[in-house]
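**Q** Structure in C-alpha cells, see below.
Computed from the coordinates by the stated procedures, all read-outs in this text should not be read as laboratory data. Bear in mind that the values here come from a model prediction, so they are computed numbers and not experimental data. Methodologically, a virtual Cβ is constructed for each residue, glycine included, from the backbone with ideal geometry; neighbour enumeration extends over all protein chains shown.
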Amino acid sequence: MTREGGFRSWRDDRLVAVELPYGNAAYSMLVLMPTRDPVGSFVATLDTAPMPKPKADGIVTATPGLALSVLTADCLPVLFCNTQGTEVAAAHAGWRGLAGGVLEATVAALCEAAACAPDRLQAWLGPCIGPREFEVGADVLAAFGASTARPDPARFVSRPRADGAPRWRANLPQLARDRLLDVPCDEPRPTGTG
C-alpha cells in the first residue's frame with residue numbers, strides 16, 4: 001500500500017519488507033516472520049529488499065538503510081550489531097532454535113559480514129514468555145543438557161501439574177544469555193522479559 005506520508009510493504013511466508021519514508025530518504029526494514037516448520041539455525045544474509053523467500057531463523061545485513069526486525073509471540077527476539085552499527089542481525093529464538101544453535105549461527109554470520117570477532121558484537125534480548133509461565137517437559141531440559149532430578153533453578157524450576165505430571169518452568173532469556181556468553185559477545189542487554 002502506498003499513500004502520502006505512509007509506507008509501502010510486501011509480505012511472503014517468512015519476511016515482511018516495509019519501506020518507511022524519513023525526510024528525503026526511504027529506509028527499508030525486513031521483519032523475520034515465524035514459521036510452523038521446525039525451528040532451526042539457518043541464517044540468511046540479505047542485501048536488498050524485497051528478497052526472495054529465504055527459509056531462515058536469523059537474518060544479517062550490512063546494507064545501509066536496511067533495518068532488520070523479528071516477529072515473535074512467546075519466543076525470544078534477539079537483535080545484534082557490530083560495535084560500529086554498520087552490520088546488524090535479528091534472530092527468532094524459541095527453545096528449539098536456542099538448543100539448535102540459532103544464536104551461535106547468527107553470531108557467526110554477522111562476524112563474517114562485519115569481518116570481526118564475536119567480542120566486537122552487541123546483543124539485545126527482546127520480550128518473550130517469562131519464566132513463571134513457560135511450561136516445558138523433560139524433552140526441553142534434555143535439549144539443554146539439564147537433569148530432571150536437579151535442574152539449575154536459574155534456568156528450570158519444577159512445577160508439576162495438578163495431576164502430578166512432571167513439568168518445569170523454563171527461563172528462556174537466561175537460556176539465551178547462556179548461549180550468547182558461550183560465544184562470547186558483549187554482555188547481552190535485556191530490553192524486556194515477561
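**Q** What's the center-to-center distance, using Cα atoms, between segment 54-98 and segment 115-169 in Å?
**A** Taking the Cα centre of each part, segment 54-98 and segment 115-169 sit 21 Å apart.
**Q** Next question, about the same structure. Can you work out the FRET efficiency for the pair R120 and A154, with r the C-beta to C-beta distance and R0 = 22 Å, to the nearest 0.05?
**A** Working from the Cβ atoms, E equals 0.20.
**Q** Out of residues 5 or more away from C128 or on other chains, whose amide H comes under 5 Å of its own, with H placed 1.01 Å from N in the peptide plane?
**A** Amide H to amide H, under 5 Å and 5 or more residues apart or across chains, C128 pairs with G194.
**Q** Then there's this: List the residues, sorted by chain then number, that are 5 or more residues from V70 or on another chain and whose placed amide H is less than 5 Å from its amide H.
**A** Sorted by chain and number, the residues that satisfy this are L32.
**Q** Separate question: If amide H atoms are built 1.01 Å from N in the plane of the peptide, which residues on other chains or at least 5 residues away come under 5 Å of the amide H of L121?
**A** D186
**Q** Can you work out the Karplus-derived ³J(HN,Hα) for every residue in segment 118-127? Use 6.51 cos²θ - 1.76 cosθ + 1.60 with θ = phi - 60°, whole Hz, and x for glycine or proline.
**A** Coupling constants for segment 118-127: x, 6, 9, 10, 10, 10, 10, 9, x, x Hz.
**Q** Can you find, among I129, G85, G164, the residue sitting farthest towards the positive end of the charge dipole of segment 65-194, where Lys and Arg contribute +1 and Asp and Glu -1 at Cβ?
**A** It is G164.
**Q** Also: Once you place label points 7 Å from the Cα toward the Cβ at D163 and E135, how far apart are they in nm?
**A** Output for this residue pair reads 1.1 nm.
**Q** Further question: Which FRET efficiency value, to the nearest 0.05, do you get for D74 and E112 by plugging their Cβ-Cβ distance into 1/(1 + (r/R0)^6) with R0 = 30 Å?
**A** On the way: r = 30 Å, r/R0 = 1.00.
For D74 and E112, the calculated efficiency is 0.50.
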